[in-house]
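Structure first, commentary second.
None of the figures in this text is laboratory data; all of them are computed from the coordinates on show. Nothing here was measured: the structure is a model prediction, and the numbers come from that model. Methodologically, a virtual Cβ is constructed for each residue, glycine included, from the backbone with ideal geometry; neighbour enumeration extends over all protein chains shown.
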Amino acid sequence: MSDLKKLGMLNREGMRACNEGRPGDALFQLTQADSLARAMNSPLHEAKVRNNMALVYQMSGKYEEARVSFRIAAGRAVEGGGEDNVLHRLIMRNLDSLTVLAKGRAA
């Protein structure tokens with residue numbers, strides 16, 4: 001199996017685990033996908049995986065970990081696709097939503 005197919009499989013399996021309420025399994029799969037994306041020197045794939053990791057952290061109530069992952073994802077998206085690409089805008093919307101959610105929980 002090619003590295004790209006393996007990365008896609010790990011990413012999909014990670015998000016499936018998240019949707020099934022298994023955040024630990026999700027993060028395990030996504031961490032493997034992130035390592036593979038970094039080894040492939042693929043910043044856009046890393047950005048996508050990091051965004052998904054952040055969503056898992058957010059759904060688990062781990063807001064600081066989510067914030068860090070969203071910021072890393074945003075940086076990698078810019079590195080791979082330039083400022084304000086579609087993936088970067090999505091990640092920034094997710095980060096904005098997290099900020100609103102975290103403020104609401106703190107109130």
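When the residues of the range 43-73 are filtered to those that are surrounded by 17 or more Cβ atoms within 10 Å (Cβ to Cβ) and small (G, A, S), the one that is nearest to the chain's Cα centre (by Cα) is A54. Scanning the range 16-30 for residues that are surrounded by fewer than 21 Cβ atoms within 10 Å (Cβ to Cβ) and either of a type in the set (K, R) or more than 14 Å from S60 (Cβ to Cβ) (or both) yields R16, R22.
Note on the range 20-52: residues that are touching a residue at least 24 places away in the same chain (Cβ under 8 Å) and in a helix (DSSP H, G or I) total 18.
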